[in-house]
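Structure, as structure tokens:
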Amino acid sequence: MIKIAPSLLSANFAYLKDEIDAIEKAKADWIHYDVMDGHFVPNISFGYSILKDVAKVTDMFLDVHLMISEPLKYVDHFIDSGASLIVFHIEAMKDQAQTQELIRKIKDRHVQVGISIKPDTPVTEIADYLELLDVVLVMSVEPGFGGQSFMPLALSKIKSLKNMRDHHQYHYLIEVDGGINAETGKLCKEAGADVMVAGSYVFNSDSYQESIASLK
């Protein structure tokens, strides 16, 4: 069954606990928590102090997506604040040694680890790390802003990742983020996605439950 991870970036921040309660009641599986630093991406969102508050009001799986320039520097703060999964961007890493150090650091803290790739980044860029990962996050829009249109090139990446996982018997889940709705969600599901991030499609809808159900 597909997991649905509504992105809190699209929630009403004035009623954040109510929004979290509502998506939980609507049968969401994960909470997707986008961290943006205004440097790696041209926007700024929330940091680890708000994550700590979120973790106090829900037992849902917290999928923390670090769209930041120095994930190694900040990762412990997000783990201490309750992250269930840390996903960082391969494009933010200096080299292979630093990438392996970050994966090891997250795993040593008993938190799941994932790597995300931007639309322009080929799957081959992360091939050396796939056996170590719990999640691969395919960006189907340019990271940094909500409400963008789905980029179909993500579908071939999802298929490639599924083939590589099947061939090597890796265990990672394939997550997709950006422009997800009933139509694009169906395409991602057919391509082999396991987790779909949906922001505005859920939080701007009249019924969170119906929106989430349409993606399952």
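The values are calculated or read from the model by the stated rules, or taken from the named source; none is laboratory data. For clarity, every value in this text was computed on a predicted model and none was experimentally measured. Backbone-built Cβ (ideal geometry, glycine too); neighbour counts: all protein chains shown. Remember, those area values only see protein heavy atoms, side chains included, never the ligands or the DNA or RNA. Shrake-Rupley method; radii C 1.70, N 1.55, O 1.52, S 1.80 Å.
Can you send over the carbon and sulfur percentage of the accessible area for the chain, probe radius 1.4 Å, protein chains only?
48
May I ask what percent, to the nearest 5, of DSSP beta bridges between residues of the chain are antiparallel?
In the chain, DSSP labels about 5 percent of beta bridges as antiparallel.
Solvent-accessible area per residue for region 1-65 at a 1.4 Å probe radius, Å²?
48
Going down the table (Lys73/Lys189; Lys52/Lys216; Lys27/Lys105; Lys17/Lys216; Lys3/Lys159), which pairs top 26 Å between alpha carbons?
Details: Lys73/Lys189 35 Å; Lys52/Lys216 29 Å; Lys27/Lys105 32 Å; Lys17/Lys216 24 Å; Lys3/Lys159 17 Å.
Beyond 26 Å: Lys73/Lys189; Lys52/Lys216; Lys27/Lys105.
If you take every DSSP beta bridge whose two residues both sit in region 1-116, what share of them, in percent to the nearest 5, is antiparallel?
Expressed as a percentage, antiparallel bridges in region 1-116 total about 5.
Cα to Cα, under 16 Å, and not fewer than 8 places away if on the same chain: which aspartates and glutamates meet these conditions relative to Lys94?
Glu70, Glu125, Asp128
Run lengths n ≥ 4 of DSSP H only: what is the helix-derived mean residue ellipticity at 222 nm for the chain, with -39500 (n - 2.57) per run over all residues, to the nearest 500?
-11000 deg cm²/dmol
With Cβ to Cβ distances under 9 Å as the rule, what net charge do the other residues near Ile2 carry (K, R +1; D, E -1)?
Values: positive: Lys3, Lys189, Lys216; negative: Asp29, Asp194.
Local charge sum for Ile2: +1.
Just to confirm a number: summing +1 for Lys and Arg and -1 for Asp and Glu over residues other than Val57 whose beta-carbon lies under 14 angstrom from that of Val57, what do you get?
Residues close to Val57 contribute a combined charge of -2.
List the aspartates and glutamates whose alpha-carbon lies under 14 Å from that of Lys118, not counting same-chain residues fewer than 8 positions away?
Once the sequence-local aspartates and glutamates are set aside, what remains near Lys118 is Glu91, Glu142, Glu175, Asp177.
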